[in-house]
Every structure is written in C-alpha cells, then in structure tokens.
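Below you'll find the structure, written out as structure tokens, and then a few comments.
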Amino acid sequence: MKSFKFILFIFGISLYLGCTKDTTIKEEYNPNITIWGTYKATSVINGLDDLKYLKFTTKKTSHTYYMNSSGMRSLGNSSFIPFPDQVLGDFLGFGTVAYGYRFNGDTLIIDYGGTTYFKGIKVNETEVANWVEVVSKTDEISGVFTDRSQGIGFDGTNILLPDYSGSKITKINLSTRLPNGDISVSGAYPNTVEFDGTDLWLGSNGYYRMYKFPLAGGSSTGTAPSHDIGAWIYGIAFDPAGNDLWAYSNNSDTLYQINRTSNTVISRKKISYVRDMAWSNGKLYMVSGPFIYRVKTSSFEIEKTYQLKDPETIYGIAAVGNEFWLNINGNKLIKVSLN
C-alpha cells in the first residue's frame, strides 16, 4: 500500500511539473447519500400492500413498518449498504438486491428491474415512534418440553400444554416449574386449549368445531358452536363476563365469537395469521410471530402491538393474573407483562 501511494505521489509531481496551469484532483470519500430518513408510502407494488413506512438510518439499518387491513402491525429490521443512487439490501423481503432510488420533488421512488416497488413522502420519524412496544421476558421455564408448537391455557395452577400426537394435555406447574401429569383427551389431536373455569376447550386438528372435555380428562362431553365453522382452530379464549368463547380458524382466516348459552356464533371477523389467544381484563390478546396484539372486541380495534425484544416465534399465550406466559419456539415458556 505504501509503495502504491508513493507511485501516485511521484505521478502527481510529474503531472504538476509538466502542466502550464494548476490541476486539482478531488477524491469523493463521502458520497452524497440522500436516502436517510422516514418515508410514508403513497404507492407500493402488489404484494406489499401492508407496507406503510420505510425508514433508513445513518447507522445503515432499515426499518419496515407494516399494518394489515385488520390493524395488525409488524416491524422488520435489516442492514443495508447505501450509494448515491442505489441501496443494497433485503428491506422489502424479495432477497438482497441493489435497488435504484431517486427523488421526484419530495417523493422517494425505489425501483428494481424496471419496476417501481415503493413511492413515499418524507415524514417526521415521530409518526412511527410508537409503532410497537418492545417487551422483555421477566421469567423463563425451559428444559421441560420440546416440539410442542401449539396454543396453551391455564387452569389456575398449571400451564396447559397440548401434546398433539399423544392426544393429551401436559400440565406444567408454575410453582414447581415441572411437569405435573397429563390429561387424556381421548379421540382429539389438540392444537390449542383453554379453561373456562370448569371444563377444557380444545381445537382438534382438521375439525370444524371446538371440543369440550372434563378437567380430569376422558371423552368429549360437548362441542361449540352447534354447527360447523372454519377448520383448524388454532386459538381459543374465554370471556367470563360475556360467557363467550372466541375461536380463530386458520383454515377460514376468521375469528368467531360464540355465546355458550345459545351455543351459536354471534359475530365473526376476517383476520389472518393468528396462532393463539387469551382473555384478560376485558381485552382479547392475539399472537402472531413475535408480536402480541391487544384487542378491544366491542369495536374490534387493535389498541396496541407488542414485540418480543428477542424476536422468537410465539405459539401460545395464556393469561395468569395480570401477566402472560408464552409458548416460545415450542420448547420453553416465558413470562411477560403487558400494560
């Protein structure tokens, strides 16, 4: 490197002595990067309909803010490499490529392969400051189960953990932090469980209703509702004040409100990508990926979005008092507080 610099130096001296006027050579070590900032989408390519904001920071990290038609928010983060008219990265989820970017007045335009992927206007970053609330675990139970990628419940003492292939529910005692026996659910292949204060309610793989079982186990003693709904019930929550069961069907992408007195569906809402649900203090909580959503069901307004600090997959959620236990990655339980 030193010899190369010396050659350049000699070449520069020779050039200077051979010229009749001064010559200035300028090297651009800090190219003019104009993409820094937060942009609100005004137009996106088909498939990115939920993309609402893009943010590019001088730390060379990008943040992608999504919200679907149901109000479910999510946030993606990635690194990128900026150039004066290109950005190398995977911030749009199509693989790492070199996107071209330019400005038309105040509008940022991002292209690739002749297609415009994103148009957005620059906004103050306060618009996305409270997009999600990051929460950290306050407790953890690990090493007591594996391969249990199902929803969970709570019976007042134990976390209820379905064993899909074993047709049983394993109890994890929160005091001893150890398995506390199994509940046989004959004929069912449970992928979620909820306790209503008296009985267990299960979603059984591929079936079109929820199934009721005694807390002691045995055979099913009933179903809800009285007619078929969407199959693959992934999440169940119980509202004791309304005497309602809430059930999410992964097959029909629908959330059902079922009154236990009439045993009929009294409302339904189209929604996608829910894994499990819980009820606490008059609110419904839903999980999807590393996100938790607090829902006001009277207007079906998603009031708040929480994201795990360590972005792991949440398979199940159970309310325990004012706190929540989560089934993480199918191999551990963690506790979080959600305001």
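So the values come out like this:
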quantity: Pair list, Cβ under 8 Å, 6 or more apart: the stretch 311-328 residue without any contact (Cβ under 8 Å) to a residue 24 or more places away in the chain, other residue in a loop (DSSP other than H, G, I, E, B) and among the acidic types (D, E); calculated: I328/E312
quantity: Hits in the stretch 199-234 (condition: within 19 Å of S252 (Cα to Cα), hydrophobic (A, V, I, L, M, F, W, C) and open to solvent by 10 Å² or more (accessible area, probe 1.4 Å)); calculated: I229, W232
quantity: Checklist (1) at pLDDT 95 or above; (2) crowded, with 16+ Cβ neighbours inside 10 Å; (3) within 15 Å of the chain's Cα centre (by Cα) applied to Y273, failing item; calculated: (1)
quantity: Residue under evaluation E194, criteria (1) more than 22 Å from K332 (Cα to Cα); (2) within 26 Å of the chain's Cα centre (by Cα), criterion not met; calculated: (1)
quantity: Output for the stretch 162-182, where each listed residue is among the hydrophobic types (A, V, I, L, M, F, W, C) and either touching a helix residue (DSSP H, G or I) at 6+ places or on another chain (Cβ under 8 Å) or open to solvent by 60 Å² or more (accessible area, probe 1.4 Å) (or both); calculated: L178
quantity: Where a residue in the stretch 225-250 is over 16 Å from A319 (Cα atoms) and its partner, wherever it lies, is charged (D, E, K, R) and open to solvent by less than 10 Å² (accessible area, probe 1.4 Å), with Cβ under 7 Å and at least six apart; calculated: Y234/D276
quantity: Within the stretch 251-310, tally of residues that are of a type in the set (S, T, N, Q) and part of a strand (DSSP E or B); calculated: 9
quantity: Count of residues meeting criterion [open to solvent by less than 80 Å² (accessible area, probe 1.4 Å) and either over 21 Å from the mean Cα position of the chain (by Cα) or closer than 14 Å to W36 by Cα (or both)] in the stretch 92-102; calculated: 5
quantity: Check on D182, part of a loop (DSSP other than H, G, I, E, B), of a type in the set (D, E, K, R), more than 19 Å from A278 (Cβ to Cβ) and over 27 Å from the mean Cα position of the chain (by Cα); calculated: no
quantity: Residue that is open to solvent by 40 Å² or more (accessible area, probe 1.4 Å), part of a loop (DSSP other than H, G, I, E, B), out of contact with any strand residue (DSSP E or B) (no Cβ under 8 Å at 6 or more places or on another chain) and at pLDDT 85 or above, where the choices are T34, T24, T58, T20; calculated: T58
quantity: Close pairs from the stretch 169-193: first free of Cβ contacts under 8 Å to residues at least 12 places away in the same chain, partner among the aromatic types (F, W, Y), Cβ under 7 Å, at least 6 apart; calculated: none
quantity: Residue within the stretch 151-173 that is among the aromatic types (F, W, Y), more than 15 Å from E194 (Cα to Cα) and within 24 Å of the chain's Cα centre (by Cα) present; calculated: no
quantity: Residue, farthest from the chain's Cα centre (by Cα), within the stretch 313-335, restricted to residues that are at pLDDT 95 or above and surrounded by fewer than 20 Cβ atoms within 10 Å (Cβ to Cβ); calculated: V320
quantity: Selection within the stretch 105-142 - part of a loop (DSSP other than H, G, I, E, B) and touching a residue at least 40 places away in the same chain (Cβ under 8 Å); calculated: N124, W131, V132, S136, K137, T138
quantity: Leading residue by the ranking (nearest to G321 (Cα to Cα)) among those in the stretch 235-270 that are open to solvent by 30 Å² or more (accessible area, probe 1.4 Å) and of a type in the set (D, E, K, R); calculated: R260
quantity: Residue selected from the stretch 61-80 under the condition without any contact (Cβ under 8 Å) to a residue 24 or more places away in the chain and in contact with a Lys or Arg (Cβ under 7 Å, 6 or more places away or on another chain), by the criterion most open to solvent (accessible area, probe 1.4 Å); calculated: S79
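The values are calculated or read from the model by the stated rules, or taken from the named source; none is laboratory data. Note that the structure is a prediction, hence the values are computed from the model and not measured. Here the Cβ is made from the backbone with ideal geometry for all residues, glycine too, and neighbour counts use every protein chain on show. The protein model used for the area step is the full one, side chains on, heavy atoms only, and it has no ligands, DNA or RNA in it. Shrake-Rupley method; radii C 1.70, N 1.55, O 1.52, S 1.80 Å.
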